[in-house]
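What follows is a single structure, written as structure tokens, with notes after it.
The values are calculated or read from the model by the stated rules, or taken from the named source; none is laboratory data. Keep in mind that this is a model prediction, so the values were computed, not measured. Using ideal geometry, Cβ is built from the backbone for each residue, glycine included, and neighbour counts are taken over all protein chains shown. These accessible areas exclude ligands, DNA and RNA; they are computed on the full protein's heavy atoms, side chains included. Shrake-Rupley method; radii C 1.70, N 1.55, O 1.52, S 1.80 Å.
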Amino acid sequence: MIKKIIIVTSFLILASCADSNDKKETPKQVLYLWLHDIGFEDPNFLAVVNADPNSKSYGKLIDTVIVNETVGMAHHTPIFLPSSGMIFANDFHNSFTYIFDTKNTLKPKLINSFGKLNDFNFPHSYSELPNGNIISTFQTKSGIDSTGGIVEFDKEGNYLRSSRAEPKDPSIFVRPYGIILVPKLNKIITTNYDMHETDIGYHIQVWDMVTLNLLHTIQLPRVEGMIIDQNPFEGRLLSDGETILFQTFSCGLFVLDNLSGLEPKVTYAHHFAEGPFCSLPVRLENYWIQTVASDKGGFNGLVVLDISDPYKPLEVDRLETGSKIGPHWLSPNQTGEQIVLTGFFEELERRIMMLNFDKSTGDLSIDKTFGEGDISGPGLMVDIEEWPHGKTGAALAHGAIFWPPAPPDWN
């Protein structure tokens with residue numbers, strides 16, 4: 001009898017240790033989500049999610065960090081986690097920026113925040129410069145009808161310098177939006193989309209990375225019979241380190257080259273679809289993965305192009321998501337084999353989805369094992385009542401970013 005008791009006791013101790021180890025499991029991959037309360041009544045917050053496919057807790061919440069200054073629209077973070085581990089995240093409607101330190105990967109800490117900066121308003125995109133500083137677009141300066149510019153910060157969000165985006169021709173409408181870095185040529189490119197929808201943009205801008213001087217304001221070429229040159233939206237540097245592809249909100253794809261010359265050139269390359277709008281893309285080696293959505297009954301999903309020849313892209317895969325999932329935000333993990341997806345419409349506003357990408361074939365698929373999902377499909381559900389920080393109800397995610405950091409396009 002004594003031996004049996006010892007055996008049973010030993011088993012219970014070992015089981016207890018195993019349970020304890022499971023609870024202390026540190027995932028090898030983490031996802032940070034930037035969310036706002038769906039009713040705009042409770043604070044914005046950063047969520048930490050287990051994104052390790054080999055973990056028993058894959059796709060489950062770990063923690064949340066709330067902010068208190070504003071209640072509004074949690075919008076952009078960088079696409080790639082900066083090497084410093086600092087996440088810049090904006091509340092666009094309130095023209096506010098927060099900086100989270102992720103050195104403790106599972107316990108991020110809010111270390112800085114600021115609103116209007118030297119009269120620059122409505123920060124939008126953030127990208128890490130090769131020197132470790134952060135460059136950001138601001139849509140306006142000194143009023144809603146004004147033209148903004150770019151601002152450089154140190155890694156903790158301290159202001160360093162800035163430059164206006166006002167073109168020489170005052171009739172040109174500009175609202176700085178996306179950022180593409182070309183360190184090889186010491187250039188920064190910004191796209192042009194007005195988040196307040198007061199007007200339409202038709203130009204991109206080229207800046208000197210060393211001085212932040214505005215060098216060029218270039219109009220997109222018109223394509224006969226197509227409305228695809230409206231609102232240059234997002235761009236990515238190609239693997240040669242000199243050529244850029246960028247797409248418009250109206251789903252045109254253009255090449256920007258000759259950046260080392262006196263007259264950079266924009267060339268039309270592709271049209272994704274009629275009617276929808278095209279948001280964030282990902283460039284992985286010689287593949288371009290594009291989000292496409294439509295609130296008018298058109299195609300919703302993702303299109304994969306082989307861009308080995310960027311002037312003649314070839315479609316290699318198309319993932320249709322259906323009328324209730326409108327893809328918007330994409331960010332790849334360190335290997336490029338997983339891509340997080342957030343967006344709009346009835347079902348995607350309720351969940352975060354994970355995509356699997358085969359870099360050898362260009363095939364794209366939905367990861368059905370990420371999150372608990374519901375009857376409508378897989379994913380991490382965000383229309384929940386209770387979060388680690390409290391019972392604040394359903395939320396909507398926009399920015400999403402992986403740790404360990406994915407290499408930026410320019411690296």
Task: Positions within segment 111-126 being touching a residue at least 60 places away in the same chain (Cβ under 8 Å) and among the hydrophobic types (A, V, I, L, M, F, W, C), in sequence order - done: Phe122
TODO: Being in contact with a Gly (Cβ under 6 Å, 6 or more places away or on another chain) and not acidic (Asp, Glu) narrows it down to one of Thr97, Thr77, Thr105, Thr70, so name that one.
DONE: Thr77
Open item on the list: Name the residue that is farthest from the chain's Cα centre (by Cα), counting only residues in segment 359-373 that are open to solvent by 20 Å² or more (accessible area, probe 1.4 Å) and free of Cβ contacts under 8 Å to residues at least 24 places away in the same chain.
Closed with: Ser360
TODO: Given the conditions (1) more than 24 Å from Asp240 (Cα to Cα); (2) modelled with pLDDT of 95 or more; (3) not small (Gly, Ala, Ser), report the number of the one that Ile144 does not fulfil.
DONE: (2)
Task: Residues that are at negative phi, free of Cβ contacts under 8 Å to residues at least 60 places away in the same chain, part of a loop (DSSP other than H, G, I, E, B) and surrounded by fewer than 23 Cβ atoms within 10 Å (Cβ to Cβ), drawn from segment 127-161 - done: Asn131, Asn133, Ile144, Asp145, Ser146, Thr147, Asp154, Asn158
Open item on the list: What's the total number of residues in segment 254-295 that are open to solvent by 10 Å² or more (accessible area, probe 1.4 Å) and assigned to a strand (DSSP E or B)?
Closed with: 12
TODO: For segment 246-253, state whether one or more residues are surrounded by fewer than 18 Cβ atoms within 10 Å (Cβ to Cβ) and either under 18 Å from Tyr311 (Cβ atoms) or not β-branched (Val, Ile, Thr) (or both).
DONE: no
TODO: Output the residues belonging to segment 170-194 that are open to solvent by 70 Å² or more (accessible area, probe 1.4 Å) and over 20 Å from Arg236 (Cα atoms).
DONE: Pro170, Ser171
Task: Residue that is surrounded by the most Cβ atoms within 10 Å (Cβ to Cβ), among those in segment 195-233 that are among the β-branched types (Val, Ile, Thr) and closer than 22 Å to Asn121 by Cα - done: Ile204
TODO: Give the residues of segment 45-57 that are open to solvent by 20 Å² or more (accessible area, probe 1.4 Å) and hydroxyl-bearing (Ser, Thr, Tyr), sorted by residue number.
DONE: Ser57
TODO: Give me the pairs, please: first residue somewhere in segment 227-239 and under 16 Å from Ser308 (Cα atoms), second residue anywhere and hydroxyl-bearing (Ser, Thr, Tyr) and at pLDDT 95 or above, beta-carbon distance under 9 Å, and either six or more positions apart or on two chains.
DONE: Leu237/Thr243
Open item on the list: Looking at the structure I just gave you, is Pro281 touching a His at 6+ places or on another chain (Cβ under 9 Å) and in contact (Cβ under 8 Å) with a residue 40 or more places away in the chain?
Closed with: no
TODO: Evaluate the following for Ile401: is it open to solvent by 10 Å² or more (accessible area, probe 1.4 Å) and either under 24 Å from Phe277 (Cα atoms) or at pLDDT below 95 (or both)?
DONE: no
Open item on the list: Can you list the strands (runs of 3 or more DSSP E) lying wholly within segment 296-358 that have 1 or more residues being in contact with an Asp or Glu (Cβ under 6 Å, 6 or more places away or on another chain) and open to solvent by 60 Å² or more (accessible area, probe 1.4 Å)?
Closed with: 314-320
Task: Counted residues, segment 58-94 - those being at pLDDT below 95 and under 18 Å from Phe153 (Cβ atoms) - done: 1
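To keep it simple, each residue is scored yes or no on (1) in contact with a His (Cβ under 9 Å, 6 or more places away or on another chain); (2) open to solvent by 10 Å² or more (accessible area, probe 1.4 Å); (3) not in a strand (DSSP E or B).
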| position | (1), (2), (3) |
| --- | --- |
| Phe88 | yes, no, no |
| Asn94 | no, yes, yes |
| Phe100 | no, no, no |
| Phe122 | yes, yes, no |
TODO: Kindly indicate the residue of segment 374-383 that is open to solvent by 50 Å² or more (accessible area, probe 1.4 Å) and part of a loop (DSSP other than H, G, I, E, B) and also nearest to Lys60 (Cα to Cα) among those meeting that condition.
DONE: Asp383
